[in-house]
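The block underneath contains the structure these notes are about, expressed in structure tokens.
Derivation of every value follows stated rules applied to the coordinates shown; laboratory data play no part. The model shown is predicted, which means the values in this text are computed figures rather than measured ones. With ideal geometry, Cβ positions are generated from the backbone for all residues, glycine too; neighbour counts draw on all protein chains shown.
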């Protein structure tokens, strides 16, 4: 019996209980039996929902550079992975190659699981806060996409580490992690 057959079986049990609750026997029974029937119905419903989750492959979380490589190569994925490994010595050393090298052979598994869905990991964000001024000074990207220093403000533009270093490596020592904002529900 597979999972889909189990789901169908317990969907039928649920329907039988619902049909019974609408019958004359239900109206004649005592309170204890009715509450037991409701409890069983609730359990069957939860059990069916759990069974449905079994068939849902879990999405893997990957860095943005892995998602980028995957999107470029997903049309013939097994061949592209084989070709990448075959030409390992000719590959440029970058974030993806480093990930493939250090991922304890889980990289192949991860890349193939991405066919069933994946999520891109959120890269940490930073403000660039410059010291030595009377007011707080941050690096800000203007509406015209120009970089300016802005004083007397509480925050600047949020950048990734890679973006900061692309502007100028000397800004990296002044990077301050952005604190995540908790959303109250």
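The gain in end-to-end length when the residue 119 to residue 8 segment is fully stretched comes to 36.9 nm, 0.36 nm per residue minus the alpha carbon separation. Going by the alpha-carbon gyration tensor, a ≥ b ≥ c the square roots of its eigenvalues, is the stretch 126-177 rounded (a/c under 1.5) or, if a/c is not under 1.5, prolate (a/b greater than b/c) versus oblate? It comes out oblate by the Cα gyration axes. Once the Cα-Cα distance is subtracted from the 0.36 nm per residue extended length, the residue 19 to residue 141 segment shows a gain of 37.5 nm. Rounded to the nearest 0.05, what FRET efficiency do residue 165 and residue 59 have when you use their Cβ-Cβ distance and R0 = 35 Å? After rounding to 0.05, the efficiency reads 0.75.
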